Amino acid sequence: MSQGPGAGGPVGRRAVFLDRDGVINEDSGFVTRPEDFVFRPGAIESLAEIQRLGYLLIVVTNQSGIGRRLYTDEDYARVTQHMLAQLASSGVRMDGVYHCPHSPDDGCSCRKPAPGLIQKAAQEHQIDLGRSWLVGDKQIDIAAADRAGIRKTLLIRSPYPVDPTGAKPLFVGDSLAAIMPPLRREVEAGDPA
Ligand SMILES: [Mg+2]
Ligand SMILES: [Zn+2]
């Protein structure tokens, strides 16, 4: 599937799509309460710099604990508000937060590796996926990016298994900070924001 504006069409905005658990905060299983939400070291600083470089910040997160009835929509909303408030106090403004509340059995089109969350965000924010990035800590994040037409991907090393025959990231690193060198190069090369 190809994405992005057609020839001669308006140039969309560029974004960094971010998985949440294991990228922004520590992945401690299901994060159900604000006090369980712990930012990964350096994550806020990286988000601030990504924003300064002119990229939209868009969270795309699977939250099947809602569909599994382990926590509620309201629990999830409280955690999200906490995350946004903490980020705002550091001058970081998320442009969008999208989540899939379904369980794997629901067969929805938004649970990663399905590309639904990314596609919805791209429509709502006029994002050019061909100029955008995605950062995740599971192979399903990279697969969702692939299926949405995002080629620039960073896989953060994690305990989750990687299938060598599955979707391959462009970069592998230890944290969100690993995106900064290629992002700075791209901006210095003059790709307009
Ligand atoms: Mg994750
Ligand atoms: Zn879903």
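Overview of results
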item: Computed E for Ala189/Ser90 - FRET, C-beta separation, R0 41 angstrom, nearest 0.05; result: 0.90
item: Per-residue ³J(HN,Hα) for region 118-127, Karplus 6.51 cos²θ - 1.76 cosθ + 1.60, θ = phi - 60°, Hz, x for Gly and Pro; result: 5, 5, 5, 4, 4, 5, 6, 10, 6, 9
item: Structure-based [θ]222 nm, the chain - -39500 (n - 2.57) summed over DSSP H runs of at least 4, per residue, nearest 500; result: -9000 deg cm²/dmol
item: Charge context of His102, other residues only, Cβ under 10 angstrom, K/R +1, D/E -1; result: 0
item: Computed E for Arg33/Tyr160 - FRET, C-beta separation, R0 41 angstrom, nearest 0.05; result: 0.95
item: Most mobile of Ala178, Ala85, Ala148 in a GNM of the chain (Cα contacts under 10 Å); result: Ala85
item: Principal semi-axes in Å for the chain [√(5λ), Cα gyration tensor, largest first]; result: 24, 20, 17
item: Lone cysteines, the chain (no partner Cβ under 4.7 Å); result: Cys108
item: 3J(HN,Hα) from dihedral phi, region 18-24, Karplus parametrisation 6.51/-1.76/1.60, rounded to Hz, x for glycine, proline; result: 10, 4, 8, 5, x, 10, 8
item: Residues whose placed amide H lies under 5 Å from that of Leu18, excluding near-sequence neighbours; result: Ile58, Val59, Val60, Val135
item: Pairwise Lys count, the chain - Cα closer than 16 Å, eight or more residues apart or different chains; result: 6
item: Residue of Pro113, Pro159, Pro34 that the Gaussian network model of the chain assigns the largest fluctuation, springs spanning Cα pairs under 10 Å; result: Pro159
item: Pairwise centroid distance, computed over Cα atoms, of region 130-193 with region 57-73, Å; result: 22 Å
item: Hz values of 3J(HN,Hα) by residue in region 43-48 - Karplus curve (6.51, -1.76, 1.60), Gly and Pro given as x; result: 5, 5, 4, 5, 4, 4
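Just so you know, all these numbers are worked out from the coordinates, no wet-lab data involved. Note that the structure is predicted; figures quoted are calculated from it, not measured. A quick note on method: Cβ atoms are made from the backbone with ideal geometry, for glycine too, and the neighbour counts reach across all protein chains shown.
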